[in-house]
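The values are calculated or read from the model by the stated rules, or taken from the named source; none is laboratory data. Since we're looking at a predicted model, the values are computed, not measured. Methodologically, a virtual Cβ is constructed for each residue, glycine included, from the backbone with ideal geometry; neighbour enumeration extends over all protein chains shown.
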Amino acid sequence: MNFWTLAGLPGIVFLGAVFGIPLVLIVIRSFTDPGPENYLEIFTNERYLGSILRTVGMSLTVTLVCLVLAYPYAYLMARSSTFVKLLLGAMLLTSYWTSSLVRTFAWGAILNNTGIINQFLQDLGVIDQPLPLIRNMFAVFVGMTHVLLPYAVLAIYATLRTIDVDLERAALGMGARPVKAFWRITFPLSLPGVAAGAILVFVIGLGFYLTPMYLGGPGQELVSEMVAREVQDFLRPGRAAALSVVLLVFVGLILVIATRFVGLGAIVGNAAIDGRKNAAK
């Protein structure tokens, strides 16, 4: 073992104990409280299946919208002047560093029946009754998109920063139109960043609890809410543990497939190299 391996060993042991032991206890409890029938109930009960499908569908929808919104933002950051880049970066980081609790409650104030949107439309005479903008999946979608968008932007930006602008200029110099140069050169080279952003947003979205709990409505629980209800309302920690294990296995499969076919290591490496270059400057 070299010096750095030995120096990092205490941290590895600590993290393994902190995360590994509780995980093992949850898996054991999912099979023993009261028994393996916890999993049978999850995969045969429409209530649990509906929650799982709703969670996956919401995460997929949020991921697609985040990518559509994040790519132009990240591209503008990567290709703009220093002032514009700093301005866009400051706006992004301000949102990123703001607590998700604060952002969720802010959307509750905006989408409420007496919130800014409904009040504005009623003052204009456009509507007579408040629009149902909260306590539904639409509100959950808006809140999750706002919280997760910075992750997609940062992942795509990290890749766009590594693409040489001279490649686009060379294509333009050889007669290609700007749109064609983008689609034939820049976009294919940025796909690893797009894939990394998509996986990051999707995986984090699967475990969201606060936003759907506050902005969502009854009968539309996501898996995280179901886990909380199984423990708090129904006093079935074993069932909650089984739900958690199912979600964990699903996330693990996604990460394994992504690491095998997408090459997330290259994205992490590019981001680290980019950070070292900025520090050197």
Subset tally (residues that are of a type in the set (A, V, I, L, M) and within 19 Å of GLY205 (Cβ to Cβ)) for the range 75-101: 2
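To keep it simple, each residue is scored yes or no on (1) more than 30 Å from GLY193 (Cβ to Cβ); (2) touching a Leu at 6+ places or on another chain (Cβ under 6 Å); (3) surrounded by 14 or more Cβ atoms within 10 Å (Cβ to Cβ).
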| position | (1), (2), (3) |
| --- | --- |
| ALA17 | yes, no, no |
| LEU25 | yes, no, no |
| LEU53 | no, no, no |
| ARG79 | no, no, yes |
| LEU87 | no, no, no |
Qualifying residue in the range 242-264 (condition: of a type in the set (Lys, Arg) and either closer than 17 Å to SER51 by Cβ or touching a Phe, Trp or Tyr at 6+ places or on another chain (Cβ under 6 Å) (or both)): no
Out of PHE43, PHE141, PHE31, PHE83, sole residue that is farther than 30 Å from THR162 by Cβ and surrounded by fewer than 16 Cβ atoms within 10 Å (Cβ to Cβ): PHE43
Selection count, the range 144-169, where residues are of a type in the set (S, T, N, Q) and surrounded by fewer than 24 Cβ atoms within 10 Å (Cβ to Cβ): 2
ARG239 being more than 21 Å from THR159 (Cα to Cα), in a helix (DSSP H, G or I) and not aliphatic (A, V, I, L, M): yes
Any hit, the range 197-208, residues being of a type in the set (Gly, Ala, Ser), at pLDDT 90 or above and over 24 Å from VAL140 (Cβ atoms): no
Single condition LYS180 does not satisfy, out of (1) outside any helix (DSSP H, G or I); (2) over 30 Å from GLY108 (Cβ atoms); (3) within 31 Å of the chain's Cα centre (by Cα): (1)
Among residues of the range 30-47, those that are part of a helix (DSSP H, G or I) and closer than 16 Å to PHE234 by Cα, counted: 5
Check on VAL231, farther than 23 Å from THR63 by Cα, modelled with pLDDT under 95 and touching a Pro at 6+ places or on another chain (Cβ under 6 Å): yes
Subset tally (residues that are assigned to a helix (DSSP H, G or I) and either closer than 13 Å to ALA139 by Cα or without any contact (Cβ under 8 Å) to a residue 40 or more places away in the chain (or both)) for the range 94-119: 16
Scope the range 140-164; condition over 16 Å from the mean Cα position of the chain (by Cα), assigned to a helix (DSSP H, G or I) and not β-branched (Val, Ile, Thr); matching residues: ALA158, LEU160
Residue list for the range 192-235, restricted to those being buried (at least 18 other Cβ atoms within 10 Å of the Cβ) and either among the hydroxyl-bearing types (Ser, Thr, Tyr) or not in a helix (DSSP H, G or I) (or both): PHE208, THR211, GLY216, GLU221, LEU222, SER224
Condition check for LEU172: loosely packed, with under 15 Cβ neighbours inside 10 Å, over 26 Å from the mean Cα position of the chain (by Cα) and free of Cβ contacts under 8 Å to residues at least 40 places away in the same chain: yes
